[in-house]
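First up is the structure itself, then whatever we jot down about it.
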Amino acid sequence: LPEKTRRRDIHAWSPRARFEPTIRIGVILAEDACGRVDLRLTGAAGYVGPDASAEVPIADGTALSIERSDRGLHVAGVPVPLADGPQVRVRTLPVDAVEEGCGALVRDVVAGRGFHWQKRIDQLLPGTIEVRPAGDGLALINEVPLEAYLAGVITAEMSGACPAALLEAQCICARSWLLAMTERKHADEPFDRCNDDCCQRYQGVGCVTPTAFGAVRQTYGVALMTSRDAVVDANYAKCCGGIGESPTAVWGVEKPGLGVFVDAPDDDPVQRMCPVSEENLRAYLTGDWLAGAQAYCGPNVVPPADLTQYLGRVDDAGEYFRWSVTHTGAALLELLRSQVADMAAAVALHDLRVMKRGVSGRATRLAIDWADRDGRMQCSELASEYAIRAALHERFLLSSAIAFDLRRNDAGQIVELRLTGAGWGHGVGLCQIGALGMALRGHDSATILRHYYPGARLGSAY
Ligand SMILES: [Zn+2]
Ligand SMILES: [Zn+2]
């Protein structure tokens, strides 16, 4: 095939193909129940139409509104009326001029679907915007070159105000995870990745800073590679809590290049806590050693008050290294009845027992003892850190590295549960707040990546 017609999408990419792929990101999904898409061209002219054969030019500043009609999708705001069709594509030009803030501004996009930080925000999307029917509403897909997408990812996952070393490390992880394409979460949908924590965060390019652009340019095409020259499936998470988790504990599979790490200098007391077990769990979560701990993601290296400026714009600043949550017995019962499929008949809770933990103390198997209306005792099991986090908080528990303090009444029923926990996220791979701590301490991106991916090396993907 001539160069021009060769496929450039992510599915045609391999470590040997050596081209920068284009990626399709789901920005508005069926589940968002979005009835209308409002967008405005910003710093860019472009074209709009059902496809390249029937598009009309639109000028910078044009405001479009897309809704469903009897005959497909109807576009309002175009200079020349378009026939309603099965989809609408808005091409903003040039596709890679994100540095100049070119693209289409889309209103009220959901960010943080289903997590405690869910919000609606405006997003500046470069490249092509495709709108199509989905469920009862609309879906919006953003088609962008991978490097432009990465500029958006690193400034959504963390803030563009972070030090260059953090943004470079984050960029290489995000690029690697994307290129590795091992999880097929959206295999049946018309996009490659969604724009949210389910995959990795992408909120357009409106918040990209010169430092962030520098980080993308500086690392162009660089990825984490395994010893067999495959791209590492470089998972990452917000705050490990002091010890990183193994992919085996979280997903039940080994991932080349990823492994356990202690997120602190070699002489820090947290080194002695790994692995965390039932025996040292309390010491790990609340011990006196914490006062002087130099864990990179801990408050002595990254003070919580400073965190606001470094986190993503949808993140709430808070205490993530160590935290606690308290539920009344009634609230906990309500939560578990709604979250755990086989607990709908529960009328009282008697015990919560962690059956299995990973090295970072993350519970990966939880047994719940409960009684039904007839007083019969039953036991339900949650079999992953994800299921445990989903069940123990109405907006997703920060992490499953937790200890329980239960108060019971005379009948042995739980009347209060206090959860004491460490970290935010699954804890596998780069610890984002820890990497920030390392960057603030003067480490460069290569050192940061060696620390979090001890089994990987840096290589060029294109
Ligand atoms: Zn996703
Ligand atoms: Zn950490």
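The values are calculated or read from the model by the stated rules, or taken from the named source; none is laboratory data. Remember, it's a predicted structure, so these values are computed and weren't measured experimentally. All Cβ positions, even for glycine, are placed from backbone atoms using ideal geometry, and neighbour counts span all protein chains on display.
Is it true that A403 is in a strand (DSSP E or B), touching a Leu at 6+ places or on another chain (Cβ under 7 Å) and away from ligand 2 (no atom under 14 Å from the Cβ)?
Considered against the rule, which asks whether it is in a strand (DSSP E or B), touching a Leu at 6+ places or on another chain (Cβ under 7 Å) and away from ligand 2 (no atom under 14 Å from the Cβ), A403 comes out as yes.
Of the residues A234, A264, which single one is within 12 Å of ligand 2 (Cβ to nearest atom) and either among the small types (G, A, S) or over 19 Å from M438 (Cβ atoms) (or both)? Please lay out each step first, then the result.
Values: A234 fails: within 12 Å of ligand 2 (Cβ to nearest atom).
None of the other options fit; the residue is A264.
Looking only at the range 250-285, how many residues end up being closer than 18 Å to V354 by Cβ and either modelled with pLDDT under 95 or outside any helix (DSSP H, G or I) (or both)?
8
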From R201, R175, grab the single residue that is outside any helix (DSSP H, G or I), among the basic types (K, R), closer than 26 Å to Q118 by Cα and away from ligand 2 (no atom under 16 Å from the Cβ).
R201
Residues that are within 28 Å of the chain's Cα centre (by Cα), of a type in the set (D, E, K, R) and either away from ligand 2 (no atom under 16 Å from the Cβ) or surrounded by fewer than 21 Cβ atoms within 10 Å (Cβ to Cβ) (or both), drawn from the range 316-368:
D316, E319, R322, E334, R337, K356, R357, R365
Give just the number: which of (1) outside any loop (DSSP other than H, G, I, E, B); (2) farther than 30 Å from A165 by Cβ does R395 not satisfy?
(1)
Scanning the range 226-248 for residues that are crowded, with 22+ Cβ neighbours inside 10 Å and hydrophobic (A, V, I, L, M, F, W, C), the one farthest from ligand 1 (Cβ to nearest atom) turns out to be I243
For the range 123-133, indicate whether the set of residues that are part of a helix (DSSP H, G or I), β-branched (V, I, T) and surrounded by 21 or more Cβ atoms within 10 Å (Cβ to Cβ) is non-empty.
no
Residue check, A390 buried (at least 16 other Cβ atoms within 10 Å of the Cβ), within 16 Å of ligand 1 (Cβ to nearest atom), within 23 Å of the chain's Cα centre (by Cα) and of a type outside the set (D, E):
yes
Suppose the filter is over 19 Å from the mean Cα position of the chain (by Cα) and either away from ligand 1 (no atom under 16 Å from the Cβ) or hydroxyl-bearing (S, T, Y) (or both); does A148 pass it?
no
Can you tell me which condition A215 does not meet? The list is (1) modelled with pLDDT of 95 or more; (2) within 16 Å of ligand 2 (Cβ to nearest atom), and all the others hold.
(2)
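The rows are residues; the columns are (1) hydroxyl-bearing (S, T, Y); (2) within 20 Å of the chain's Cα centre (by Cα); (3) not in a strand (DSSP E or B).
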residue	(1), (2), (3)
D410	no, no, yes
V415	no, no, no
T420	yes, no, no
H426	no, yes, yes
G434	no, yes, yes
G437	no, yes, yes
T447	yes, no, yes
H451	no, no, yes
The range 168-205 - residue that is crowded, with 23+ Cβ neighbours inside 10 Å and of a type in the set (V, I, T) and, of those, nearest to R217 (Cα to Cα)
I172
Could you say which residue among E168, E189 is away from ligand 1 (no atom under 13 Å from the Cβ) and either touching a Leu at 6+ places or on another chain (Cβ under 7 Å) or touching a residue at least 24 places away in the same chain (Cβ under 8 Å) (or both)?
E168
What is the number of the single condition among (1) under 28 Å from L178 (Cα atoms); (2) modelled with pLDDT under 90; (3) of a type in the set (A, V, I, L, M) that A54 does not meet?
(1)
